[in-house]
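The following block contains the structure, expressed as structure tokens.
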Amino acid sequence: MKILTWLQPTGITVLITLFLIALHFYINYKFRVKNAVKRISWIAILGGLIVPYITMFTYFESNEFIEKWYGENANLEHGYYIFRLYYLPFLMVGYLAFMLVLDYIMKRKLIKK
């Protein structure tokens with residue numbers, strides 16, 4: 001499949017991450033509409049921890065998937081996996097903060113209505 005070569009692991013990860021962020025935002029919005037007065041959305045917190053983890057997992061596994069798909073013709077050199085794992089805590093904290101701010105904004109707008 002030429003699309004796998006064109007997308008590469010980074011492209012696959014970006015597509016899946018954008019889908020997960022949109023899904024997380026939608027679910028959080030539905031929760032906020034029903035529970036506008038609750039202080040903190042547990043969906044925002046849970047998704048803030050799960051989405052970054054799935055993003056990193058997708059990146060690592062897409063390398064393996066592409067290698068298995070192409071077999072012996074695959075490039076087996078990816079380099080520095082351990083350094084990419086260092087990004088996970090920063091990604092989690094950043095995304096969690098982003099979602100909590102969005103949740104706060106949604107809460108304020110829904111309460112004003």
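The values are calculated or read from the model by the stated rules, or taken from the named source; none is laboratory data. In this text the structure is predicted, and so the values were computed from the model without any measurement. All Cβ positions, even for glycine, are placed from backbone atoms using ideal geometry, and neighbour counts span all protein chains on display. Note: areas computed on protein heavy atoms with side chains; ligands, DNA, RNA excluded. Shrake-Rupley method; radii C 1.70, N 1.55, O 1.52, S 1.80 Å.
Which residues, counting only those in the stretch 1-32, are among the hydrophobic types (A, V, I, L, M, F, W, C), open to solvent by 80 Å² or more (accessible area, probe 1.4 Å) and either touching a Pro at 6+ places or on another chain (Cβ under 9 Å) or at pLDDT 90 or above (or both)? Give the derivation first.
Applying the first criterion (among the hydrophobic types (A, V, I, L, M, F, W, C)) to the stretch 1-32 yields 1, 3-4, 6-7, 12, 14-16, 18-23, 25, 27, 31.
Of the ones still in play, those that are also open to solvent by 80 Å² or more (accessible area, probe 1.4 Å) are 1, 3, 6, 15, 18-19, 25.
The answer is L15, L18, F19, F25.
So, one more: What about Y59, is it within 30 Å of D103 (Cβ to Cβ), of a type outside the set (D, E, K, R) and open to solvent by 70 Å² or more (accessible area, probe 1.4 Å)? Write out each step before concluding.
Working: within 30 Å of D103 (Cβ to Cβ): yes; of a type outside the set (D, E, K, R): yes; open to solvent by 70 Å² or more (accessible area, probe 1.4 Å): no.
Spelling it out, it is not the case that Y59 is within 30 Å of D103 (Cβ to Cβ), of a type outside the set (D, E, K, R) and open to solvent by 70 Å² or more (accessible area, probe 1.4 Å).
Additional query: Condition (residue is out of contact with any helix residue (DSSP H, G or I) (no Cβ under 6 Å at 6 or more places or on another chain), modelled with pLDDT under 90, assigned to a loop (DSSP other than H, G, I, E, B) and not basic (K, R)) applied to the stretch 38-55: is it met by at least one residue?
Yes, the stretch 38-55 contains at least one residue that is out of contact with any helix residue (DSSP H, G or I) (no Cβ under 6 Å at 6 or more places or on another chain), modelled with pLDDT under 90, assigned to a loop (DSSP other than H, G, I, E, B) and not basic (K, R).
Please go through the stretch 11-32 and give me each residue that is within 13 Å of the chain's Cα centre (by Cα) and among the polar types (S, T, N, Q), ordered by number.
Across the stretch 11-32, the qualifying residues are T13, T17.
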